[in-house]
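Below is one structure, written out as structure tokens; comments come after it.
The values are calculated or read from the model by the stated rules, or taken from the named source; none is laboratory data. All values derive from a computational prediction rather than experimental measurement. Positions of Cβ are backbone-derived with ideal geometry, glycine not excepted, and every protein chain shown enters the neighbour counts. We work out accessible area using only protein heavy atoms, side chains counted, and drop any ligands, DNA or RNA first. Shrake-Rupley method; radii C 1.70, N 1.55, O 1.52, S 1.80 Å.
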Amino acid sequence: MNDTTDFKCIVLFAAILALTACGGGGGGESTPLPVDTYTKTVELPDTASPWNELFSDNSLTGAHYQGLVLAQDIKGSGPLTKLSFRFATGSTGNSCPNVTIRMGHTSVTDLDITYANNAEQGSGSFMTVFDDTTLNIPGGNTGDYFTIPLNDTFSYNGVDNLVVDIISGTCTGNSDLAASTATALYAALIRSPDSATLTGNTGNTLAHMQFTFAGGDNSVDPGVGTLPSLGNSYPFNADGTGIGRKVQLLYSASDINGDGLITGIGFPVGELTTEQTFTVTVKLGHSTRSALVDGTFANNYSDTPVTVGSDLTFTVPAGIVRGDFVWLPVTGSFTYNGINNLILEVETTNNNLASDQTKWWFRSGTGTNNRLFGNLGAETGTASDDYYFAKFRFEGGTIDAGLSGTTSLPQVFDNTPDGATTQSLYRPVDLGTGGMIESIAVRLVNDSIATTHNNYTIRMGHTDKTSLDINDTFASNMDEDMTVFSGSYAVPAGLKAGDWVTIPLDTGFNYDSTRN
């Protein structure tokens, strides 16, 4: 093909009632943000002595720092709007001129001494989020965080690692930051004494950072206990006796670390899946309990729980690998206050044989009663210390499907004389949240080529089919075959491999989260 721009087959949907949409270039865009928010803190082990090589008066020529933060330590995704650092000792405050902060996704797992080699490595453009501005750091006590509101929003995808790049002029005064000595698992920080240099010295210290998101997918991971080899069949599968199951799971406010409208719930599988279908009712509610010590289900709520899905049927397809998430096709939402703990209650009404059970990823031996379980319809249950990994989707982010994909699909923007048509099937377990889809985006595999595509059409529809039959027509695979975009579309130049190309739809599509 001539001048064909190659894309990964990834579709990105605007979340239900989302006020932001992913931009076409860089990591994100400056847009009005919803109030819903959550915060993720990256505090690594092996705390070092107070560290003063960033935002200090140690250098007479300024400083250039670059930190690599692993996706597994952020445990979240969405529009990143604030960056915070923690004081290691009490501070009276200080000021740093000409501070520029850039962020970017990266495929590297260890930093090179050349700054430029650590960003735009096939994972999108480096984006300036705080541009040549004087940073006035307030005073604070030991352990306090000071926050830098970003000028532009960076949309972090939660899959790639994150590079945080900071250039600063000579500061007046000093702020001692909390930091950790990095191990091989936690890649080191690069630092140099001169902001004009292109290379730095490899270091082994990474500042404790806090990332605030205005919506998105927040992963909950207790980080303690023993990880079983195969996971556990709770909370969905029954015990093979023909009786359904009722399970309450407790998540602490400190683990969620945020508040707002929850529109999606996801669970990672514990082993390679076989196809199974479940029918569940799902509730969310607040709790003032730190453990599910009361065996009565109703007594563990501090308010009336909200049913976010009633008698929902969903299919876990075969072939999902350990650690990948399955999204529940919830049809409602829950406003979480960020103060009380959160209860997730699941009742499974259909049974699966004990010899063919989907395993779900969890940790055992957490020391607190995080699970209460009993038979379907039971008023009381038995408590245990098992803690299940989960994702809670806060309104304001996007719905990303296929981010772990490794193949490409050139036909999405095809330049052959006869053009091309491609059709993709997305399941409730891939998406998890219903609502009005206002735009879709595909992710670049290579740098973009400026190309205008005429007679470009996008159609959407629901379907009860679980796979696309090559013997069927494109139209017969969809119930509705609704045209949501028709006309010319121009792919801009200058985008990097890993950036998103966003197509605003002419007509929104109201997606039913229970259907393919």
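Of all the listed residues (Gly405, Gly377), the sole one being of a type outside the set (Phe, Trp, Tyr) and under 25 Å from Leu250 (Cβ atoms) is Gly377.
Give the number of residues within segment 64-121 that are part of a helix (DSSP H, G or I) and either in contact (Cβ under 8 Å) with a residue 12 or more places away in the chain or buried (at least 21 other Cβ atoms within 10 Å of the Cβ) (or both). Before you say what the answer is, go through the steps one by one.
Keep residues of segment 64-121 that are part of a helix (DSSP H, G or I), which gives 71-74, 115-118.
Those left that are additionally either in contact (Cβ under 8 Å) with a residue 12 or more places away in the chain or buried (at least 21 other Cβ atoms within 10 Å of the Cβ) (or both): 71, 73-74, 115-116, 118.
The qualifying residues number 6.
The residues of segment 146-168 that are over 21 Å from Gly78 (Cα atoms) and open to solvent by 20 Å² or more (accessible area, probe 1.4 Å) amount to a single one, Ile167. Residues that are among the basic types (Lys, Arg) and crowded, with 21+ Cβ neighbours inside 10 Å were ranked within segment 388-428; the one that is nearest to Val501 (Cα to Cα) is Arg393. On the stretch given as segment 469-513, residues that are crowded, with 17+ Cβ neighbours inside 10 Å, polar (S, T, N, Q) and touching a residue at least 60 places away in the same chain (Cβ under 8 Å) total 2.
Among residues of segment 277-299 that are without any contact (Cβ under 8 Å) to a residue 24 or more places away in the chain and farther than 15 Å from Gly377 by Cβ, those with a beta-carbon under 9 Å from a residue that is surrounded by fewer than 22 Cβ atoms within 10 Å (Cβ to Cβ) and basic (Lys, Arg) at least six positions away or on a different chain give the pairs Asn299/Arg289. Scanning segment 374-387 for residues that are open to solvent by 50 Å² or more (accessible area, probe 1.4 Å) and out of contact with any helix residue (DSSP H, G or I) (no Cβ under 9 Å at 6 or more places or on another chain), we see that the one that is nearest to Phe278 (Cα to Cα) is Leu376. The single condition among (1) free of Cβ contacts under 8 Å to residues at least 40 places away in the same chain; (2) in a strand (DSSP E or B) that Asp303 does not satisfy is (2). Asp464 fulfils the conditions (1) charged (D, E, K, R); (2) open to solvent by 60 Å² or more (accessible area, probe 1.4 Å); (3) under 23 Å from Phe314 (Cβ atoms); (4) not in a loop (DSSP other than H, G, I, E, B) except for a single criterion, (4). Within segment 153-169, residues that are in contact (Cβ under 8 Å) with a residue 24 or more places away in the chain and part of a strand (DSSP E or B) have Cβ atoms under 6 Å from residues that are of a type in the set (Phe, Trp, Tyr) and buried (at least 21 other Cβ atoms within 10 Å of the Cβ) in these pairs: Ile166/Tyr65, counting only partners at least 6 apart in sequence or on another chain.
One residue stands out in segment 289-315 among those that are modelled with pLDDT under 90 and either touching a Cys at 6+ places or on another chain (Cβ under 9 Å) or hydrophobic (A, V, I, L, M, F, W, C) (or both): the one that is farthest from Leu328 (Cα to Cα), namely Val293. When every residue of segment 434-442 is checked against the conditions, none turns out to be touching a Gly at 6+ places or on another chain (Cβ under 8 Å), of a type outside the set (A, V, I, L, M), closer than 30 Å to Thr507 by Cα and buried (at least 18 other Cβ atoms within 10 Å of the Cβ). Checked against the criteria, Arg459 does not count as on the phi < 0 side of the Ramachandran plot and open to solvent by less than 40 Å² (accessible area, probe 1.4 Å).
Determine which member of the set Pro222, Pro228 is under 22 Å from the mean Cα position of the chain (by Cα) and either more than 30 Å from Asp512 (Cα to Cα) or at pLDDT below 75 (or both). Working first, answer last.
Working: Pro228 fails: under 22 Å from the mean Cα position of the chain (by Cα).
Of the residues listed, the single one that is under 22 Å from the mean Cα position of the chain (by Cα) and either more than 30 Å from Asp512 (Cα to Cα) or at pLDDT below 75 (or both) is Pro222.
For residues that are buried (at least 22 other Cβ atoms within 10 Å of the Cβ) and either in a strand (DSSP E or B) or not small (Gly, Ala, Ser) (or both), tally how many sit in segment 259-277. Qualifying residue count for the region: 6. Only residues that are farther than 28 Å from Gly90 by Cα and not acidic (Asp, Glu) were counted across segment 151-181, and they come to 9.
Is one or more of the residues making up segment 417-425 over 22 Å from Asp506 (Cα atoms) and modelled with pLDDT under 85? Yes: one or more hits. A search for C-beta distances below 7 Å between a residue of segment 392-411 that is under 20 Å from Gly122 (Cβ atoms) and any residue that is modelled with pLDDT of 80 or more and open to solvent by less than 30 Å² (accessible area, probe 1.4 Å), counting only pairs 6+ apart in sequence or on different chains, returns Asp400/Asn157; Ala401/Leu431; Leu403/Asn157. Exactly one residue out of Thr128, Thr134 is assigned to a strand (DSSP E or B), within 29 Å of the chain's Cα centre (by Cα) and not basic (Lys, Arg), and it is Thr128.
Considering segment 285-332, and only residues there that are among the acidic types (Asp, Glu) and more than 21 Å from the chain's Cα centre (by Cα), the residue that is most open to solvent (accessible area, probe 1.4 Å) turns out to be Asp311.
On the stretch given as segment 432-449, residues that are among the hydroxyl-bearing types (Ser, Thr, Tyr) and either at pLDDT below 90 or more than 23 Å from Val326 (Cβ to Cβ) (or both) total 2. Hey, could you check segment 158-187 for residues that are more than 24 Å from Ala116 (Cβ to Cβ) and under 21 Å from the mean Cα position of the chain (by Cα) and say which is modelled with the lowest pLDDT? Filtering first and then ranking leaves Leu185. Residue count for segment 423-458, restricted to those that are within 27 Å of the chain's Cα centre (by Cα) and either assigned to a strand (DSSP E or B) or free of Cβ contacts under 8 Å to residues at least 24 places away in the same chain (or both): 11.
Can you spot a residue in segment 275-288 that is at pLDDT below 95 and closer than 26 Å to Lys40 by Cβ? Taking every residue of segment 275-288 in turn, none turns out to be at pLDDT below 95 and closer than 26 Å to Lys40 by Cβ. Checked against the criterion of being in a strand (DSSP E or B) and of a type outside the set (D, E, K, R), the candidates Ala420, Ala490, Ala497 yield just one match: Ala490.
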